[in-house]
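K.L.:
Attaching a single structure in structure tokens format; questions to follow.
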2 protein chains.
Amino acid sequence: MPGFTVDFIMISCSHTDMNRLDQLATLLRFPSISAQKEHAQDVSDCADWLVAKLTGMGLEAKACKTPRHPIVLAHSEKQEGKPTVLIYGHYDVQPVDPIEEWKSAPFEPEVRDGRIYARGATDNKGQLFAHILGVEELLKQNAGVLPVNVIFLLEGEEEIGSGSLSAFMKEHKDELKCDVIVVSDTGMAAPDAPTFSYGLRGVASADIIVKGPSADLHSGVFGGAISNPITSLAEIIASFHDEEGKVAVRGFYDGVAPIATWERSMWATVPGMSNDELAALTGVECVTTEAGFTGAECIFARPTLELNGIGGGYQGEGSKTIIPSSAFAKISCRLVPGQNPEHILELVEEHVKRHCPKGVTVEFKPGHYGNAYICDPNSTYGLAAQQALEDAFGHKPVLVREGGSIPIIEEMKRVLGADALMLGMCLPDARIHSPNENFPVDLFVKGIEMSQILLRRLGQQ
Amino acid sequence: MPGFTVDFIMISCSHTDMNRLDQLATLLRFPSISAQKEHAQDVSDCADWLVAKLTGMGLEAKACKTPRHPIVLAHSEKQEGKPTVLIYGHYDVQPVDPIEEWKSAPFEPEVRDGRIYARGATDNKGQLFAHILGVEELLKQNAGVLPVNVIFLLEGEEEIGSGSLSAFMKEHKDELKCDVIVVSDTGMAAPDAPTFSYGLRGVASADIIVKGPSADLHSGVFGGAISNPITSLAEIIASFHDEEGKVAVRGFYDGVAPIATWERSMWATVPGMSNDELAALTGVECVTTEAGFTGAECIFARPTLELNGIGGGYQGEGSKTIIPSSAFAKISCRLVPGQNPEHILELVEEHVKRHCPKGVTVEFKPGHYGNAYICDPNSTYGLAAQQALEDAFGHKPVLVREGGSIPIIEEMKRVLGADALMLGMCLPDARIHSPNENFPVDLFVKGIEMSQILLRRLGQQ
């Protein structure tokens, strides 16, 4: 089994599972980081590998060119009278820094303690590959005939805002026509709590750049008379929240719907989502929420304004006594139904400009954004999905909204008219977007089974 | 004239001045960068050259070993009944990067438009060498007899914090015994505004590290329930100043003396130091000062708390939607007489801890520090220095305090008991610590003259 470490082959699993894992490891070895130009070829190579895999299974598959990274599109032979299920996923991954915190190299998959460690293991290669293998096994079991028509739509730009997918969907609207969408790119509350997500937060990001003197200045020769861009930026950031933890941007909460009573009751029972559990999981002393809401409620159904990065001046060893010429921050808001991302960015920009201190100037650069999404978990397809989860995992699913964002889901609803069944397998400790991302091997195996049950049940609708 | 460019020999100056410049150019050719290990031998070679020069003049000179770079110590033959003047300077220089911005190589001195360009031209080789030549010419004029006893103390670690000088001074206290200290390592307001500095700000630096979750978190999966270390750090930084631009740390201004009326009047006339001139020089729209003070007053005589650097989270291209696990800031205070640096660091630490938001922890790491310094500009020696400046430059000197810090001056006062006459010739556009550092040739020549007048006048006290 070339390329695997000793740890990898020491786990006990069947020959079938070894073969499944072997294929997943091959997929995980592509450093398909969509954000970094130097990895463009790796992203493309990963797409080609998926096309070869899907073609080999008996689907018609191709890598479609886009302005940036290819979209992999595949479909089974069309059978009239059967519903069409579009399975969406993404094969691009997040950057890997800080690289020194990884216990094993991010693109050299390694199994330790029953989990496979690699960038993309959970987000999203592991989950999308469970569906690919699910379909492959259904095809083998039934001599190439599936219970539904299947379309795979696998993009390479999800981690950078799905920039090409939107235009692609509109251009290929007929080819993508479907009755329901299946996505496994959301959270799973716990290994024994299969999770059906019926909502997603939206997102809106921006860069803030504060500029002061035309060059770095000696802090002795000029300090006291010149506004410090770092201090000014900090003052802007500190103005973003009030003392109750609410976002202090005017109009930010306009249109935000209250949380339903059944949701508050359901969410109080979701494993791992109590305030104490969230604190323990993330390693903080206590959760800190908007006043009047639990941690789960804030994550599932309340908007945020987060700082994702900050930089300016001297960051090296020791000290350099300067007033830097500029400083920057990277922010992103998570949004809920009722909030329009473009409008939110306008409100934030207005806030930033209003709070810019004297003596410096501020530039606000809007970044990527996407709408929040919500659907009815108890539709016919929704109930079929809930049953598939229960059958595969042996537990009634929990119903949640997702704190994260998959803006393309909301756009698919608008363009293709179909709702998305979000059956995520991302455990709270999967460390997606962080060092040591991982995916439990048994979840991967159950995911393959769940995919098969789901497609059979959807075929019965 | 080996090594000089055409430009160099094309300036019109006397044979004497050419010889003076030739010697300075030789001194400037040593790449005596104290911060960089690969230049240790160059620093040492430079010290040896100075010892040879001083010995050749008729002084007793030696290069004294220290844990890092040598200290050059020289003295004239002791004449009882004459005051002893210690001339302090440093022969080490700053690094040269960004090297591509230099118009001529930093260690190949070139004269253009009446200025000599090289690293160290002003800071501090040009200035200290003016004193060396001043003493040499006095010796020649008077058959080897000086109007005062002279000690040269020339260190090689000023640009890296004078680490060895403190212990050296204590060990050689008797040998360094003196009545007054002369230093030319401070600013000169303008070519026609000879400047006598009678104060220096102190400095106290520290790092602040805010820690939140044990690893970077997905801002969708957790955002809303977890304190963001960047936001928390920004809140701490924003708490450092009040709305009037005063440092809001409790007790920060305790013991700070008011600015004297004569100082306010004098400083209002210093060339280049009006609010408008400061803004134009630094490229900001307007200066921003502590309420009730001009820019010059804030720089000369008010303490500050500056942010020198900040970092945390994602700083790369595009966006990465994380809640980072930590964020840091580098701060330094400039201090004025009456403030104790160690106590100030304690007060800032207490402030930081009191303002640390819930859900994160904060670490405060004190860095290097040094005391502020002030002396009476109208002491007997001070008046002699003022007269020497007027005689040499043809204008009444301006009296200022220096915004920067030379902590060793205050330590000399404590250890050797002598005050320092700071007669700086660093023009605002000398570009010290930057590419294209330069020193006007006529300032160098006038500096040599000033040194002679000064020593004669001090000899009359």
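To keep it simple, each residue is scored yes or no on (1) part of a strand (DSSP E or B); (2) more than 14 Å from chain B (Cβ to nearest Cβ); (3) within 30 Å of B:SER214 (Cβ to Cβ).
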{"site": "A:GLU80", "(1), (2), (3)": "no, yes, no"}
{"site": "A:SER104", "(1), (2), (3)": "no, yes, yes"}
{"site": "A:GLU108", "(1), (2), (3)": "no, yes, yes"}
{"site": "A:PHE129", "(1), (2), (3)": "no, yes, yes"}
{"site": "A:VAL135", "(1), (2), (3)": "no, yes, no"}
{"site": "A:LEU139", "(1), (2), (3)": "no, yes, no"}
{"site": "A:GLY163", "(1), (2), (3)": "no, no, no"}
{"site": "A:PHE168", "(1), (2), (3)": "no, yes, no"}
{"site": "A:LYS173", "(1), (2), (3)": "no, yes, no"}
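K.L.:
Sticking with this structure for a sec: Is it fair to say B:PRO271 is farther than 30 Å from A:GLY311 by Cβ and not β-branched (Val, Ile, Thr)?
P.N.:
On the way: farther than 30 Å from A:GLY311 by Cβ: yes; not β-branched (Val, Ile, Thr): yes.
Yes, satisfied.
K.L.:
I'm told B:LYS320 meets every condition in (1) crowded, with 24+ Cβ neighbours inside 10 Å; (2) in contact (Cβ under 8 Å) with a residue 60 or more places away in the chain; (3) farther than 25 Å from A:PRO357 by Cβ; (4) in contact with a Phe, Trp or Tyr (Cβ under 7 Å, 6 or more places away or on another chain) except one. Can you identify the failing condition by its number?
P.N.:
(2)
K.L.:
In segment B:424-451, which residues are crowded, with 21+ Cβ neighbours inside 10 Å, touching a helix residue (DSSP H, G or I) at 6+ places or on another chain (Cβ under 6 Å) and not hydroxyl-bearing (Ser, Thr, Tyr)?
P.N.:
Answer for segment B:424-451, where residues must be crowded, with 21+ Cβ neighbours inside 10 Å, touching a helix residue (DSSP H, G or I) at 6+ places or on another chain (Cβ under 6 Å) and not hydroxyl-bearing (Ser, Thr, Tyr): B:MET425, B:PHE439, B:PHE444, B:GLY447, B:ILE448, B:MET450.
K.L.:
Would you confirm, using the coordinates I've provided, whether A:LEU383 is more than 16 Å from the chain's Cα centre (by Cα) and outside any loop (DSSP other than H, G, I, E, B)? Don't jump to the end; show me each part of the working.
P.N.:
On the way: more than 16 Å from the chain's Cα centre (by Cα): yes; outside any loop (DSSP other than H, G, I, E, B): yes.
Against the criterion (more than 16 Å from the chain's Cα centre (by Cα) and outside any loop (DSSP other than H, G, I, E, B)), A:LEU383 qualifies.
K.L.:
Please go through (1) touching a strand residue (DSSP E or B) at 6+ places or on another chain (Cβ under 8 Å); (2) part of a loop (DSSP other than H, G, I, E, B) for A:PHE328 and return the number of the only condition it doesn't satisfy.
P.N.:
Here A:PHE328 meets the rest and fails (2).
K.L.:
Filter segment B:61-83 for residues that are touching a Lys or Arg at 6+ places or on another chain (Cβ under 9 Å) and among the small types (Gly, Ala, Ser); which is farthest from B:LEU176 (Cα to Cα)?
P.N.:
B:ALA61
Condition check ((1) under 18 Å from B:SER197 (Cα atoms); (2) facing chain A (nearest Cβ under 8 Å)) across all residues:
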| site | (1), (2) |
| --- | --- |
| B:ALA268 | yes, no |
| B:LEU278 | no, yes |
| B:GLU290 | no, yes |
| B:GLY312 | no, yes |
| B:LEU345 | no, no |
| B:VAL360 | no, yes |
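K.L.:
On the given criteria, is A:GLY367 within 11 Å of chain B (Cβ to nearest Cβ) and in contact (Cβ under 8 Å) with a residue 40 or more places away in the chain? Step through it out loud before you land on a result.
P.N.:
Working: within 11 Å of chain B (Cβ to nearest Cβ): yes; in contact (Cβ under 8 Å) with a residue 40 or more places away in the chain: yes.
Spelling it out, A:GLY367 is indeed within 11 Å of chain B (Cβ to nearest Cβ) and in contact (Cβ under 8 Å) with a residue 40 or more places away in the chain.
K.L.:
Oh, and also: Taking the criterion of being in contact (Cβ under 8 Å) with a residue 40 or more places away in the chain, under 21 Å from the mean Cα position of the chain (by Cα), over 30 Å from B:ALA215 (Cα atoms) and assigned to a helix (DSSP H, G or I), would at least one residue in segment A:85-95 satisfy it?
P.N.:
There is no residue in segment A:85-95 that is in contact (Cβ under 8 Å) with a residue 40 or more places away in the chain, under 21 Å from the mean Cα position of the chain (by Cα), over 30 Å from B:ALA215 (Cα atoms) and assigned to a helix (DSSP H, G or I).
K.L.:
Can you confirm whether A:THR231 is assigned to a loop (DSSP other than H, G, I, E, B) and among the polar types (S, T, N, Q)? Break it down into steps so the answer makes sense when it comes.
P.N.:
On the way: assigned to a loop (DSSP other than H, G, I, E, B): no; among the polar types (S, T, N, Q): yes.
Here the answer is no, as A:THR231 does not meet what is asked.
K.L.:
Could you go through segment B:110-124 and let me know if any residue there is acidic (Asp, Glu) and either over 23 Å from B:LEU24 (Cβ atoms) or within 16 Å of the chain's Cα centre (by Cα) (or both). Write out each step before concluding.
P.N.:
Residues of segment B:110-124 that are acidic (Asp, Glu), as a first pass: B:110, B:113, B:123.
Those still in the list that are either over 23 Å from B:LEU24 (Cβ atoms) or within 16 Å of the chain's Cα centre (by Cα) (or both) too: B:123.
The answer is yes, given that some residue of segment B:110-124 is acidic (Asp, Glu) and either over 23 Å from B:LEU24 (Cβ atoms) or within 16 Å of the chain's Cα centre (by Cα) (or both).
K.L.:
I need the full set of residues from segment A:113-127 which are of a type outside the set (Asp, Glu) and either in a loop (DSSP other than H, G, I, E, B) or within 15 Å of A:LEU427 (Cβ to Cβ) (or both), in order please.
P.N.:
From segment A:113-127, those of a type outside the set (Asp, Glu) are A:114-122, A:124-127; that's our starting set.
A:GLY114, A:ARG115, A:ILE116, A:TYR117, A:ALA118, A:ARG119, A:GLY120, A:ALA121, A:THR122, A:ASN124, A:GLY126, A:GLN127, listed by residue number.
K.L.:
Quick check on my filter: what residues within segment A:207-228 are part of a strand (DSSP E or B) and either at the interface with chain B (Cβ under 7 Å from one of its Cβ atoms) or among the aliphatic types (A, V, I, L, M) (or both)?
P.N.:
First pass over segment A:207-228, keeping only residues part of a strand (DSSP E or B): A:207-211, A:217-218.
The answer is A:ILE208, A:ILE209, A:VAL210, A:LEU217, A:HIS218.
K.L.:
Kindly provide the set of residues from segment B:403-417 that are crowded, with 20+ Cβ neighbours inside 10 Å and in a loop (DSSP other than H, G, I, E, B), ordered by number.
P.N.:
Within segment B:403-417, B:GLY403, B:GLY404, B:SER405, B:ILE406 meet the criteria.
K.L.:
Which pairs have Cβ atoms under 8 Å, sit 6 or more apart or on different chains, and link a residue in segment A:182-206 that is touching a residue at least 60 places away in the same chain (Cβ under 8 Å) and within 11 Å of chain B (Cβ to nearest Cβ) to one that is surrounded by fewer than 24 Cβ atoms within 10 Å (Cβ to Cβ) and among the basic types (Lys, Arg)?
P.N.:
Filtered contacts from segment A:182-206: A:ALA206/A:LYS365.
Per-residue answers, yes or no, for (1) free of Cβ contacts under 8 Å to residues at least 60 places away in the same chain; (2) away from chain B (no Cβ under 14 Å); (3) closer than 24 Å to A:ILE33 by Cα:
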{"residue": "A:GLY424", "(1), (2), (3)": "no, no, yes"}
{"residue": "A:HIS433", "(1), (2), (3)": "no, no, yes"}
{"residue": "A:VAL441", "(1), (2), (3)": "no, yes, yes"}
{"residue": "A:GLY459", "(1), (2), (3)": "no, yes, no"}
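Read-outs throughout are calculated quantities, based only on the coordinates presented, and are distinct from any laboratory measurement. Note that the structure is predicted; figures quoted are calculated from it, not measured. Cβ atoms come from the backbone with ideal geometry, glycine included; neighbour counts cover every protein chain shown.
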